[in-house]
Amino acid sequence: MGKVTGFLEYERVDEAYEKVNKRLKNYNEFTIPLKESKLQEQGARCMDCGIPFCHSGCPLGNLIPDFNDKVYKGRWKEAVEILHATNNFPEFTGRLCPAPCEEACVLGINEDPVSIENIEKNIVETAFSEGWIKAKPPKTRTDKKVAIIGSGPAGLAAAQQLNRAGHYVTVFERDAKVGGLLRYGIPDFKLEKQIIDRRLDVLEEEGIVFKTNANVGKNVSVETIKAEFDAVLLCGGATVRREIPIKGNHLKGIHQAMDFLKLNNQHVDGLVDFKHIISAKDKNVIVIGGGDTGSDCIGTSNRHGANEVINFEILNKPTVGRPAHQPWPYWPMKLKTTSSHQEGVERFFSISTKEFLGDKNGNLVGLKTVEVEWLFKEGERPQLKEIPGTEKQWDCDLVLLALGFTGSEKTLAEQFGLEMDFRTNIKATTQDYATNVKGVFAAGDMRRGQSLIVWAISEGRQAAHHVDAYLMGSSNLPLKEEGDLPRV
């Protein structure tokens, strides 16, 4: 490392945010970048730690100390080359990843960890602003054609890797625009969509073909895909949404979080008028689910002008610091307070919704809850117990269900004749990402279940190697051994 004492000399400094009253007026990203000199200091905090556990903390195996060193020395162009060697889309992970690398940072044992995610974002933003990121079409082409179904981060990463191998790659997307979860599931205040579009311009220039409004299994037949392509990679995500099977769940005013977020993103994109979205304006909103999607619903509701926003989480309130049973370098379940939480919400933990209440016209007017506790016994699954006498009624006229996903849709599996696992994911192993049908592969959330964007990119890269090997007998595409991959 160029500055072996940097971690002793510099404290961690993160990007600032615009004031809440300003950022709530629009859907733009609101972080205030650090000056280059400050970023170099943050790069200098990376220790000469001997064993960089951040490598194993990152599902992509990013060469973190290497690019931190280049940032410290002001050699940004070299930094972006190192970063892109393992990560196709650092502009996405640098904004959206929960940074398991930072939880595994050696400095994080007794100090604030290195601000790896922010450094990553600034490396790629510098590269785009300097014009260093250019299309690199393959010099030669094979005669093989690959169909990728789904244009989320897994599909896009696989597409770029397979295109680099010289194959003709076509990506099928059922929505009107490419991006999958990035496009329609992430609010613009976390990821402005021009960030996606500028990368898509590069991918198209490299030769990747994108077909939108192309729903394979519906308006594009599976038979056509099989006949026209030498291999198929399924990257359709985990899209079956979890519901609450309780009394009143049919009432008007109860919506799935992803319906709420997608319509709002389409409105911000100018495709849908505000009067046609699910609006939180002047409403008492309850978001059920305490994860990132719930947080996105909170931030979006506040931008709509909600009267009040409340958030329920059925799990216990996490500790602020690392729990004793999740020591470094393991991923800790800590209390997370996002920028959306800071914009206005009242959060409740260990609470379960028992019934939705409606008026005679079928409109939601409230709900009933009960407080719960979790009972833990060695070798058994945790048991949920209701606490007597804690029932409560809440007034609300909009409920957003941010409860996660139970697996992938069965349509493609049935039409391709694919096996599914007990969680209704496409059955494909990490040994070769192949399904039970020859020439058909699966990756991303569609294979592993609901997970992180960084995992999706990793899955896409891994699957691309195996698809290439299937088509050509061997592959020169990079492969990260499964034994190195952390379980986050």
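What follows draws every value from the coordinates through simple rules; no lab data is involved. The shown structure was predicted, so the numbers you read here are calculated from the model rather than taken from an experiment. Quick reminder, even Gly has a Cβ in these numbers, built from the backbone with ideal geometry, and neighbours come from all protein chains shown.
A few remarks follow.
- Here each label is just a point 7 Å from Cα along the line to Cβ, and for Lys252 and Asn21 those points are 3.7 nm apart.
- Annotation: amide H-H contacts under 5 Å for Val171 (H modelled 1.01 Å from N, sequence separation of 5 or more, or interchain): Ile148, Val209, Phe210, Lys211.
- Glu391 sits among other residues whose Cβ lies under 13 Å from its own Cβ, and their net charge, with Lys and Arg +1 and Asp and Glu -1, is 0.
- Sites matching chymotrypsin sites (Phe, Trp or Tyr not before Pro) across the range 401-488 that sit in DSSP coil, with at most 12 neighbouring C-beta atoms within 10 Å: Phe422
- Distance from the Cα centroid of the range 219-257 to that of the range 353-374 is 27 Å (rounded to whole angstrom).
- Neighbourhood net charge (11 Å Cβ-Cβ; Lys/Arg +1, Asp/Glu -1) for Ile277: +1
- Among the trypsin sites (Lys or Arg not before Pro) in the range 303-367, those located in a DSSP loop and surrounded by at most 16 other Cβ atoms within 10 Å of their own Cβ are Lys336, Lys360.
- The ranking of Glu205, Glu125 by Cβ neighbour count inside 10 Å, starting from the fewest, reads Glu205, Glu125.
- The range 433-480, dipole about Cα centre (Lys/Arg Cβ +1, Asp/Glu Cβ -1), debye to the nearest 20: 80 debye
- Förster radius 45 Å - calculated FRET efficiency between Asp259 and Glu228, Cβ distance, rounded to 0.05: 0.85
- With both residues required to sit in the chain, DSSP beta bridges show an antiparallel share near 40%.
- ³J(HN,Hα), Karplus 6.51/-1.76/1.60, whole Hz, each residue of the range 313-324, x for Gly, Pro: 9, 6, 7, 5, 5, x, 6, 6, x, 5, x, 4
- Exceeding the 27 Å Cα-Cα cut-off - candidates Lys354/Lys427; Lys25/Lys392; Lys193/Lys336: Lys354/Lys427; Lys25/Lys392
- Net charge in the neighbourhood of Leu400 (other residues with Cβ under 11 Å of its Cβ; Lys, Arg +1, Asp, Glu -1) is -1.
- Any cysteine of the chain lacking a neighbouring Cys Cβ under 4.7 Å - listed by number: Cys46, Cys49, Cys97, Cys105, Cys235, Cys297, Cys396
- Extent of the range 6-130 along its three principal axes (Cα atoms, max minus min coordinate, largest first): 47, 31, 27 Å.
- Among 100-113, 261-274, the order from most to least packed when residues are scored by Cβ within 10 Å on average: 100-113, 261-274
- Relative contact order (%) - criterion: Cα under 8 Å, at least six apart; region: the range 365-488: 15 percent
- A straight Cα-to-Cα reach below 18 Å connects Lys360 with the aspartates and glutamates Asp395, Asp397, residues fewer than 8 places away in its own chain not being considered.
- Loop-located GluC sites (Glu not before Pro) in the range 384-488 whose Cβ has at most 15 other Cβ within 10 Å (DSSP): Glu391, Glu409, Glu419, Glu481
- Computed about the Cα centre, the dipole magnitude for the range 6-130 is approximately 440 debye when only Lys and Arg (+1) and Asp and Glu (-1) carry charge, each at its Cβ.
- Peptides 115-123, 217-225, 155-163, ordered by how many other C-beta atoms sit within 10 Å of their residues on average, highest first, read 155-163, 115-123, 217-225.
- Of Lys438/Lys480; Lys35/Lys281; Lys35/Lys134, those spanning more than 27 Å from alpha-carbon to alpha-carbon: Lys35/Lys281
- This model, with +1 at the C-beta of Lys and Arg and -1 at the C-beta of Asp and Glu, gives the chain a dipole about its Cα centre of some 660 debye.
- Distance in nm between pseudo-label sites at Glu371 and His325 (7 Å out along the Cβ direction from Cα): 2.2 nm
- Mean Cα-pair separation over length for the chain, i.e. relative contact order, pairs under 8 Å, 6 or more apart, %: 16 percent
- The range 243-403 shape via C-alpha gyration tensor axes, a/c threshold 1.5: oblate
- Packing here is the average count of other Cβ atoms within 10 Å per residue, and on that basis the peptides 24-30, 340-346, highest first, run 340-346, 24-30.
- Short-range pairs are left out: with C-alpha atoms under 8 Å and at least six residues apart, the relative contact order of the range 6-130 is 28 percent.
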